[in-house]
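Asker: To start, I am sharing the structure in question, which I have written as structure tokens.
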Amino acid sequence: EMCIETEIDVVINLGYFLEENYDELTEELQEIKESCRNAKLKVILETGALQTPESIQKAAILALYSGADFIKTSTGKGYPGATPEAVYTMCQVLKKYHSITGKRVGIKVAGGIRTAEEAVRYYTIVKEVLGNDWLNKDLFRIGASSLVEDIEHRWENKKSNGIFLTCLLYTSPSPRDY
């Protein structure tokens, strides 16, 4: 069957991962990718469940070599969300993967991001590790409904400071080099 969605989110099979059943895990992801040929596959690592940088690194590598177009920190449900450490680890893997394959794969930071300052912290990690080439909507996204509320609240209160303005510029539709 063909998928009609343009993007598919799938959570990595944590059971397989924790049992070190990597063959089944990658096979499952590859099947989803194949059945949704035209859709972007976002693989959610659920970094809060993986906990260690080593596990996050391994899960990211498995997702990349299974055809992920994006790797995403978390669903934001049930487990702790994004952390700077997890995002740094994921960015390191993406950098290495790009140097080996020449392919750029996106990163989506999600789960528990509530303020503009937190968003800028993640933006900075991506910029420092992966560089300006990743600073566009095709390769870097932040998923945060709470963040939108924070920005709207600040906008209403006219408390615009440097960080807030940076955030607004960054979230504008046209990717620019800052």
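The values are calculated or read from the model by the stated rules, or taken from the named source; none is laboratory data. This is a predicted model, so every value here is computed, not measured. No Cβ is skipped: glycine too gets one built from the backbone with ideal geometry, and neighbour counts run over all protein chains shown. Please note that ligands, DNA and RNA were not included when accessible areas were found on the heavy atoms of the full protein model with its side chains. Shrake-Rupley method; radii C 1.70, N 1.55, O 1.52, S 1.80 Å.
Asker: Are any of the residues in region 23-31 polar (S, T, N, Q), open to solvent by less than 10 Å² (accessible area, probe 1.4 Å) and more than 23 Å from residue 125 (Cβ to Cβ)?
Answerer: Within region 23-31 (the criterion being polar (S, T, N, Q), open to solvent by less than 10 Å² (accessible area, probe 1.4 Å) and more than 23 Å from residue 125 (Cβ to Cβ)), the answer is no, since none of the residues qualifies.
Asker: Filter region 127-148 down to the residues that are open to solvent by 20 Å² or more (accessible area, probe 1.4 Å), part of a strand (DSSP E or B) and either within 19 Å of residue 102 (Cβ to Cβ) or among the basic types (Lys, Arg) (or both) and list them by number.
Answerer: The one that is open to solvent by 20 Å² or more (accessible area, probe 1.4 Å), part of a strand (DSSP E or B) and either within 19 Å of residue 102 (Cβ to Cβ) or among the basic types (Lys, Arg) (or both): 141.
Asker: For region 67-86, give me each residue that is crowded, with 23+ Cβ neighbours inside 10 Å and assigned to a helix (DSSP H, G or I).
Answerer: Residue satisfying the conditions is 86 alone.
Asker: Suppose the filter is assigned to a strand (DSSP E or B) and free of Cβ contacts under 8 Å to residues at least 40 places away in the same chain; does residue 109 pass it?
Answerer: Spelling it out, residue 109 is indeed assigned to a strand (DSSP E or B) and free of Cβ contacts under 8 Å to residues at least 40 places away in the same chain.
Asker: Within region 48-70, identify whether any single residue is touching a residue at least 40 places away in the same chain (Cβ under 8 Å) and β-branched (Val, Ile, Thr), and answer yes or no.
Answerer: Looking for residues that are touching a residue at least 40 places away in the same chain (Cβ under 8 Å) and β-branched (Val, Ile, Thr), one finds none in region 48-70, hence no.
Asker: Within the set of pairs 6 or more residues apart or between chains, which connect a residue that is farther than 16 Å from residue 64 by Cβ and at pLDDT below 95 inside region 16-37 to a residue that is surrounded by 14 or more Cβ atoms within 10 Å (Cβ to Cβ) and of a type in the set (A, V, I, L, M, F, W, C) with Cβ atoms less than 6 Å apart?
Answerer: 36/3; 36/8
Asker: Which of the residues belonging to region 32-60 are outside any helix (DSSP H, G or I) and either of a type in the set (A, V, I, L, M) or open to solvent by less than 40 Å² (accessible area, probe 1.4 Å) (or both)?
Answerer: Once the filter is applied, which keeps residues that are outside any helix (DSSP H, G or I) and either of a type in the set (A, V, I, L, M) or open to solvent by less than 40 Å² (accessible area, probe 1.4 Å) (or both), region 32-60 yields 36, 39, 41, 42, 43, 44, 45, 46.
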